[in-house]
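The block underneath contains the structure these notes are about, expressed in structure tokens.
The values are calculated or read from the model by the stated rules, or taken from the named source; none is laboratory data. As the structure is a computational prediction, the values presented were derived from the model and not from experiment. All Cβ positions, even for glycine, are placed from backbone atoms using ideal geometry, and neighbour counts span all protein chains on display.
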Amino acid sequence: MFYAGTAHREKTLVALSSVGAAIGLTSLKITVAWLTGSLGILAEAAHSGLDLVAALMTFFAIHVADRPADASHNYGHGKVENLSAFLEALLLLLTAIWIIIEASRRLLFHEGHIDITIWAFVVMIISIIVDITRSKALLHVAHKLGSQALEADALHFSTDVWSSLVVILGLLVMYLTQVFHLPTWLSQSDAIAALGVSGIVIWVSLKLTKETIDALIDRAPEQLAIQIQTHIAQIEDVTEVRRVRVRRAGNKFFTDAVIAAPRILTFEQIHTLSELVEKEAMQVARSFSEQGEIDVVVHVEPMASPRETITDQIHYLAELQGVHAHDIHVREVNGKLEVDFDLEVQADMELGEAHTIATQLEQTVLQSNTLLYRVTTHLEAPNSQIMQRQDVTEHYLAMSTDICCIADAIAGAGSAHEVHLYRPANVWDSKDMPSLDLVLHTTFTGNTPLSQVHVEAEEIKRALRHAYPKLYSVTIHTEPPE
């Protein structure tokens, strides 16, 4: 908010200074043109008058364009700058046409009389000095803040410099013609100078008209969309860039990008990827407008990735059907791939419904991967309820010691530690041992492959269930040495 307020004040001050400069130049040129009868200076006065109108339009456009977006202008009010520039261009074209008509009448019918004085040259030199000063100031702020309205105003003042030089040249030729009695056709140089000014005005007007119309009809800035697409495509996990659209309103860029990403990414990963794309698009857009405001919207579509494994595919396809797959095993049998996995469904679901879901998933997996020959699922009904248990480890010290010995025989001496035994909170039978839950911590060296750790943990689990058939659940926590 602080930067926005500072930028608005800076733009407003430089626009107001342009209004003051245009008022002074217009008044001075009108006075000298009336005293001398110079059509060239009169054309310059009209040009400066239009610069005054343009400066007022720029001041109004900046005031309105910097307003924040609201309910009726969701994208802000930046288009006011472009509309203001378009109206300025139309005024310049009308003025150029009027000057051409007047110059033609003087050339064809020799109308009008010019009284050349030193004041004609003084006013044009003053005009050049003011135009150069204001053009530099406007252009500096325009580039700094990315304001198209200020840039158009700066262009007006810069063209005034060249048109003023043309008028001075015309007046100088006329003066020399009168002093040295040169050919009389040279006395028409003022009208010719006016035509030169008109040519400059028309050229600037047409260029400005094209730029403003491009902005008003949402033409994408030259090469910007292509550059954004090129940079986005280089981001990791961006599988494909399907569309990039850019529009400009004032000093604001609005960009929307549609990308494809691996369908196995999590929601958090997709969010992180979207932020990376937004950041990259902003950096590219700032190469066109260093301080311009940039709004980027990213839409991500899922697609299969070349690095997607069979396990990834099964996880993804299961989640699409609202179920969860785990403990996935892929094997190659006689050159053909087979896969089986556990499928979690709701605990209260009937077998018929659960089997239908499993069958649909099996068919979907087979259709998605032609390398698979057979898919087999095992239905599971996970219990999401919180089980009430009591820690009874102290009552089974001998059993705890034996459990550690069994685990150490597989994982190595000293591996097993931190044994916890739990029994149902409302069950206690002194004659028969109840079904117990076991949590056991084991230590493996830090560089042991996880696949080997898993195999040994499963072996420990089978050995414990063989020794104690009454164990209800067995959890083996594996960890490296502290």
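Tabulated data for the structure shown
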{"quantity": "Test: residue in segment 378-395 that is surrounded by 13 or more Cβ atoms within 10 Å (Cβ to Cβ), over 25 Å from Leu436 (Cα atoms) and at pLDDT 90 or above", "calculated": "no"}
{"quantity": "Counted residues, segment 391-405 - those being in a helix (DSSP H, G or I) and among the acidic types (Asp, Glu)", "calculated": "2"}
{"quantity": "Test: residue in segment 225-239 that is at pLDDT below 70, among the small types (Gly, Ala, Ser) and touching a strand residue (DSSP E or B) at 6+ places or on another chain (Cβ under 9 Å)", "calculated": "no"}
{"quantity": "Output for segment 356-378, where each listed residue is part of a loop (DSSP other than H, G, I, E, B) and among the β-branched types (Val, Ile, Thr)", "calculated": "Thr370"}
{"quantity": "So Ala257, is it surrounded by 15 or more Cβ atoms within 10 Å (Cβ to Cβ) and modelled with pLDDT of 70 or more", "calculated": "yes"}
{"quantity": "Matching option when the condition is acidic (Asp, Glu), at negative phi and not in a loop (DSSP other than H, G, I, E, B), among Asp327, Asp408", "calculated": "Asp408"}
{"quantity": "Residues being crowded, with 21+ Cβ neighbours inside 10 Å and either in contact with a Ser or Thr (Cβ under 6 Å, 6 or more places away or on another chain) or under 27 Å from Glu319 (Cβ atoms) (or both) - total across segment 239-254", "calculated": "2"}
{"quantity": "Flag if Leu206 is modelled with pLDDT under 70, exposed (fewer than 15 other Cβ atoms within 10 Å of the Cβ) and in the same structural domain as Ile97 (by TED's automatic domain parsing)", "calculated": "no"}
{"quantity": "Residues of segment 379-418 satisfying the condition of being without any contact (Cβ under 8 Å) to a residue 24 or more places away in the chain, closer than 30 Å to Leu361 by Cα and of a type in the set (A, V, I, L, M)", "calculated": "Ile386"}
{"quantity": "Strands (runs of 3 or more DSSP E) within segment 233-319 that include 3 or more residues in contact with a helix residue (DSSP H, G or I) (Cβ under 7 Å, 6 or more places away or on another chain) and under 30 Å from Glu362 (Cβ atoms)", "calculated": "none"}
{"quantity": "Pairs with Cβ under 7 Å, 6+ apart, first in segment 340-353 and among the β-branched types (Val, Ile, Thr), second surrounded by 10 or more Cβ atoms within 10 Å (Cβ to Cβ)", "calculated": "Val345/Val323; Val345/Ala354; Val345/Ile357; Val345/Leu379; Val345/Ala381"}
{"quantity": "Matching option when the condition is modelled with pLDDT under 65 and outside any helix (DSSP H, G or I), among Leu186, Leu182", "calculated": "Leu182"}
{"quantity": "Test: residue in segment 222-232 that is within 30 Å of Val365 (Cα to Cα), out of contact with any His (no Cβ under 6 Å at 6 or more places or on another chain) and not aromatic (Phe, Trp, Tyr)", "calculated": "no"}
